[in-house]
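Any read-out appearing in this document is the output of simple, stated calculations on the displayed coordinates, not a laboratory observation. From a predicted model like this one, the values you see are computed outputs, not experimental measurements. A quick note on method: Cβ atoms are made from the backbone with ideal geometry, for glycine too, and the neighbour counts reach across all protein chains shown.
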């Protein structure tokens, strides 16, 4: 049988470093997307000012950095939101 010249994607070797980089890139893209959607919604639907959006963005980035540094986890935040604020975020 003759080969088509294409490499099967499942046969391409990947290192753990490759997987870790892909995971980090996915997290960054997800966080950036969520932040953009939140800022848009706050401005468009709730009339948030530039100052409020800037303050929120800075605080949000601080929390993200704290997660990246390992000081807190998403599970910690989920628990705080549920227990202290009485809000449950639905998961798909």
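For this structure, a couple of remarks:
- Principal-axis tilt of helix 50-69 within the chain, Cα atoms, nearest 10 degrees: 50 degrees
- Between 0 and 90°, nearest 10: helix 16-46 axis offset from the chain longest Cα axis: 30 degrees
- Dividing the summed helix terms, -39500 (n - 2.57) for each DSSP H run of n ≥ 4, by the number of residues in the chain produces a 222 nm estimate of -23000 deg cm²/dmol to the nearest 500.
- The C-alpha atoms of the chain define a longest principal axis, and helix 74-83 lies at about 30 degrees to it.
- Share of alpha-carbon pairs per 5 Å distance bin for the chain, given as whole %: 2, 10, 12, 17, 18, 12, 7, 6, 5, 5, 3, 2, 1, 0
- Values of log10 I(q)/I(0), in the order q = 0.17, 0.28 Å⁻¹, for segment 42-92 under a Debye, Cα-only, solvent-free model: -0.73, -0.97
- For a paramagnetic label modelled on residue 52 (point 7 Å from Cα along Cα→Cβ), amide N atoms under 13 Å away belong, within segment 25-44, to 39-44.
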